[in-house]
Structure formats: C-alpha cells, structure tokens
1. Just how large is the dipole of the stretch 218-298 about the Cα centre, in debye to the nearest 20, putting +1 at every Lys and Arg Cβ and -1 at every Asp and Glu Cβ?
2. Find the Cα radius of gyration of the stretch 77-167, compare it with 2.2 N^0.38 Å by division, and give the number to two decimals.
3. Checking the cross-link filter: which lysines have an alpha carbon closer than 16 Å to that of Lys154, excluding same-chain neighbours under 8 positions apart?
4. Determine the gain in length on full extension of the stretch Ala102-Ala306; use 0.36 nm per residue of separation and subtract their C-alpha separation, reporting nm with one decimal.
5. Select from Leu163, Asn153, Gln114 the residue farthest towards the positive end of the dipole of the stretch 77-167; place +1 on Cβ of Lys and Arg, -1 on Cβ of Asp and Glu, and compute about the Cα centre.
6. Cross-chain or 8 or more residues apart, Cα under 29 Å: how many lysine pairs in the stretch 172-321 fit that? Count them up, please.
7. Take the Cα radius of gyration of the stretch 150-283 and divide it by 2.2 N^0.38 Å, with N its residue count; two decimals is plenty.
8. Could you work out how far apart the two model spin labels at Ala155 and Ile110 are, taking each label as a point 7 Å from the Cα in the direction of the beta carbon, and quote it in nm?
Amino acid sequence: MAITFGLVTPNSNTLCLTLTTPPLIANHRTTNVVFSGQSVFSYGHTNLSYSHQRASSFATIVCSAANKPSSSSEISSTAKIRSEVLSPFRSVRMFFYIAFVASGALGGFIATTQLIGALANSSRASEVPEILKGLGIDLAAVSLFAFLYFRENKAKNAQVARLSREESLSNLKLRVDEKKIIPVNSLRGIARLVICAGPASFVTESFKRSEPFTDSLLDRGVLVVPFVTDGNSPALEFEETEELATRRKRLWQLAPVYINEWSEWLDEQKKLAGVPSDSPVYLSLRLDGRVRGSGVGYPPWNALVAQLPQVKGMWTGLLDGFDGRV
C-alpha cells in the first residue's frame with residue numbers, strides 16, 4: 001500500500017491523501033472524505049461520499065479547511081447595542097410615532113362612523129363639513145407619523161447593517177509578524193487602518209505614492225493593510241536608508257490572514273456600494289474601528305495627513321470621532 005500527500009489546487013487549504021492498494025478484487029469502493037470547518041484548527045460538518053469503480057484500486061481522502069465567516073447579513077447583538085448607544089432617543093421617537101399613528105387611526109375611525117351617520121340623516125347635513133375636516137386632520141396625522149416611523153426604521157436598519165458589517169470586519173485576522181496573528185479589533189484605539197484592495201500593481205503603486213507621507217501617516221497612527229486580489233505578489237521594495245526603511249516597513253507591516261474571508265467581506269461591500277467586483281478600492285477606519293470613508297482608486301494620502309490629528313500630544317483621544325472623512 002502506498003500513501004501520497006498533495007494539494008488539490010495551488011494556494012488552497014485542501015490536502016489530498018491518496019492510499020493505493022493492490023487490486024485484490026475486481027470491484028472495489030473508492031472513498032472520498034471531505035472535512036470542512038470554520039477554521040483551520042477545528043473541523044466539523046463532515047460529509048462522506050462513496051463511488052464505485054472497476055479498473056483501479058485506491059482510496060482518496062481530501063481534507064479541506066474552509067474558513068468561512070458568519071454572514072455579515074446576520075445582525076449581531078453587539079451591532080444592535082452599538083446602534084442604541086449611537087442613537088439613544090431613536091426608540092423613544094419610534095414609540096411616539098406609533099402612538100400618534102394609533103391615535104390618529106382611532107380618531108379617523110370615529111370620524112368615519114360619524115360621517116356615515118350624518119350622511120344617512122338629512123337633519124345632520126350641517127355637521128358633514130366639520131366631520132370631514134376632522135377626518136382629514138386624522139388621515140394627515142396618520143400619514144405623517146407613519147412616514148416618520150418608516151423613515152426612522154429604515155435609518156435604524158441601515159445603521160445596524162453598517163455596524164454589523166463593521167463587526168464582521170473587526171473579526172478578520174491580520175498577521176503582524178511571523179509569530180503573531182491578531183483580529184482587526186485588537187487595533188481599536190491604537191491605529192487607523194487603511195485597507196488597499198486590488199491587484200498587485202495597484203498595491204505597488206499605492207506603496208510608492210505613500211512614500212512622501214510615511215512619517216506624517218505614522219504620526220497619525222495610520223497602518224496600511226495591503227490586500228492583493230489577483231494572487232500575485234506586490235513589489236514592496238525598501239531600498240532607502242535603514243532608518244527610513246524601518247518606518248516604511250512599520251507602515252506596511254500588516255498582512256491579511258485567511259484570504260477567502262477577506263474576499264467575501266470585500267465582495268459584499270462592493271456589491272452593496274454598486275462597485276464592480278474587479279475595481280481596486282481603499283477603505284479607511286477610525287481609531288474606534290468605524291469606517292471613516294472609502295473609494296475607488298488610490299488612497300488619498302495627502303488628505304489623510306491633512307485631516308487626521310496626531311495620536312500623540314494634548315489632543316490625543318479627544319478628536320478620535322471627528323477625524324475627517326477620507
């Protein structure tokens with residue numbers, strides 16, 4: 001019996017184990033076992049499939065680690081809590097809108113019954129204009145407060161969905177060095193991340209354009225996450241003096257881990273924003289992890305330097321939530 005290991009496809013998390021045995025019988029069973037899980041450290045949802053062949057005698061075992069994150073469309077409790085904190089009076093307003101709609105609907109129902117009675121009795125014909133006036137006011141009130149309620153509810157759903165997407169982003173993993181992997185949320189209050197997502201040529205050009213602003217970006221707590229989408233390696237060359245090269249490496253030291261999770265998250269954001277899936281984009285985060293801004297093309301390094309306050313000094317922490325929109 002022979003044992004062979006190998007990858008099903010290059011740059012994948014799939015391991016192929018082939019067991020070859022002598023053809024002792026004419027008919028045999030080829031077993032394919034596929035394991036998939038939520039991370040490379042745990043496997044679940046085991047699926048077994050069997051097939052019959054006549055001419056060969058081997059068994060293949062395929063182990064696949066699919067690092068699928070939970071869908072960002074699933075609203076987390078943390079996102080709902082953050083929404084309540086950011087808009088503490090929204091629930092109160094929505095309660096009063098519902099109360100006013102109910103009150104106007106009840107008034108309209110009463111006015112309608114009075115109008116029917118007045119129309120049926122010619123002696124009450126003089127009351128019809130007054131009843132119609134009250135009915136019109138009730139209908140206008142119902143329409144107004146119903147509109148306000150649905151607008152408030154739409155804004156709430158949009159905010160919760162955005163916060164949920166930010167929570168999904170905060171759970172993605174980054175590699176700091178060869179021995180350290182951290183989630184994005186570990187950098188809250190420490191760094192302002194700028195994600196450059198696109199082909200290797202786009203990341204390389206973004207790297208070159210950031211060179212004149214290296215010191216200013218580091219003073220403002222900016223760290224870049226280069227996310228290459230075409231599978232190639234960007235040419236990040238550090239050929240300057242040793243001191244400058246150290247700062248450049250610090251600015252560009254982070255790297256995405258579990259690329260499929262980052263790809264799924266980024267594809268969903270592009271879809272929601274109506275951006276073509278192959279467009280290179282950038283996305284910048286605030287110190288608290290919220291998305292500050294995004295766009296198609298190269299990051300505006302000069303605008304980041306102009307708008308962001310430094311992370312050291314007397315204003316540290318005071319302007320974290322008002323650090324521009326670029």
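1. Working: 10 positive and 13 negative charges, 86 e Å.
Here the stretch 218-298 has a charge dipole of around 420 debye.
2. Its radius of gyration relative to the 2.2 N^0.38 Å reference: 1.62.
3. Leaving aside lysines fewer than 8 places away in the same chain, those within reach of Lys154 are Lys80.
4. Taking 0.36 nm per residue and subtracting the Cα distance, the gain is 68.3 nm.
5. Among Leu163, Asn153, Gln114, the one farthest towards the positive end of the dipole of the stretch 77-167 is Leu163.
6. 17
7. Values: Rg = 16.2 Å, N = 134, 2.2 N^0.38 = 14.1 Å.
After normalising by residue count via 2.2 N^0.38 Å, the value is 1.15.
8. 3.1
Throughout, read-outs are computed from the coordinates displayed, never taken from laboratory work. Here the structure is a predicted model, which means the values were calculated and not measured. Neighbour counts are summed over all protein chains in view; Cβ atoms, including those assigned to glycine, are modelled from backbone coordinates with ideal geometry.
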